[in-house]
1. Measure off 7 Å from each Cα along the Cα-to-Cβ vector at ARG32 and LYS108, then give the distance between these two points in nanometres to one decimal.
2. Going by average Cβ neighbours within 10 Å, how do the peptides 79-91, 55-67, 101-113 rank, with the highest at the top?
3. If one computes the Cα centroid of segment 76-109 and of segment 159-205, what distance in Å separates the two points?
4. Any chance you could run the full-extension gain for ARG95 through ALA192? It's 0.36 nm times the residue separation minus the Cα-Cα distance, nm to one decimal.
5. Give, in nm to one decimal, the length gained when the segment between GLN172 and HIS22 is fully stretched (0.36 nm per residue of separation minus the Cα-Cα distance).
6. Calculate the FRET efficiency for ARG183 and VAL88 from the Cβ-Cβ distance with a Förster distance of 35 Å, rounded to the nearest 0.05.
7. With a ≥ b ≥ c taken as the square roots of the eigenvalues of the C-alpha gyration tensor of segment 48-162, please select rounded if a/c is under 1.5 and otherwise prolate if a/b is larger than b/c or oblate if it is not?
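Bear in mind these aren't lab numbers, they're just calculated from the coordinates by the rules spelled out. In this text the structure is predicted, and so the values were computed from the model without any measurement. Note that we place each Cβ from the backbone using ideal geometry, even for glycine, and neighbour counts take in every protein chain shown.
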Amino acid sequence: MSGSSSTERLSVQPLVRPTAPHTVRLIGGAFRGRKLPVLDAPGLRPTPNRVRETLFNWLGQDLRGRRCIDAFAGTGALGFEAASRGAVAVAMVDRNPAVVARLRAACKALGAGQVQVQCGDAMAALQRCAAGSMDVVFLDPPFQEDVAMADLLRWAARAIGPHGCVYLESGQPWEPKALHPLRLHRHTRAGAVHAHLLVPGADGAASLVDGNAHVSATVCAHVGMEGRKNG
């Protein structure tokens, strides 16, 4: 090759750490199109639009009367999407005071009175939930952190009782046997993000359809949401 040699050195560009986007846009419900500011904090990673769209299609879009907890709230995207779709109560938990302050400001800007933001630990927040008090638990821990997932899932399963569901986001797919006492109901992948929808295991499966007024094509029918009384 003209003008080159085998000893020619290539210039190496310095590695640049990817940063979170400055805003994340809500994609459905009453707050659709509204933007949430994103703090540039370690481990803060908004759930991608495509994954959120799939998740709330799984949940049936209409969350009126449902109670949710976003145990690793971060940007608040999951919790605010739930509130936007009618959830009657959404608890957001994060241990970073700066993130909590940003979430509380977002609540005020959106007029999301059904959202309560707590500064604290995800495990402790789930332990405080009364058994069966939640319809949906969102678990989206920082990918690089070593979390006690078995304990988180055990407390999340207690919080939802036999009629709810747990959303788990991770950087890898989880084997079904590692999800006890829950079972995998749906899974999708978008780039490095793996999204799992979990429902109570075999012991609770028989009661999931009890009292359902009709059968939906969405996961709500499987977790008892469609047939439950709002409020």
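1. 2.9 nm
2. On the way: 79-91: 23.8, 55-67: 19.2, 101-113: 17.1.
The densest-packed peptide leads the list: 79-91, 55-67, 101-113.
3. 22 Å
4. On the way: separation 97, 0.36 × 97 = 34.92 nm, distance 2.42 nm.
So the extension gain works out to 32.5 nm.
5. Numbers: separation 150, 0.36 × 150 = 54.00 nm, distance 2.55 nm.
The GLN172-HIS22 span can extend by a further 51.5 nm.
6. Working: r = 27 Å, r/R0 = 0.76.
That pair, ARG183 with VAL88, gives E of 0.85.
7. Working: a/c = 1.33, a/b = 1.09, b/c = 1.22.
The shape class here is rounded.
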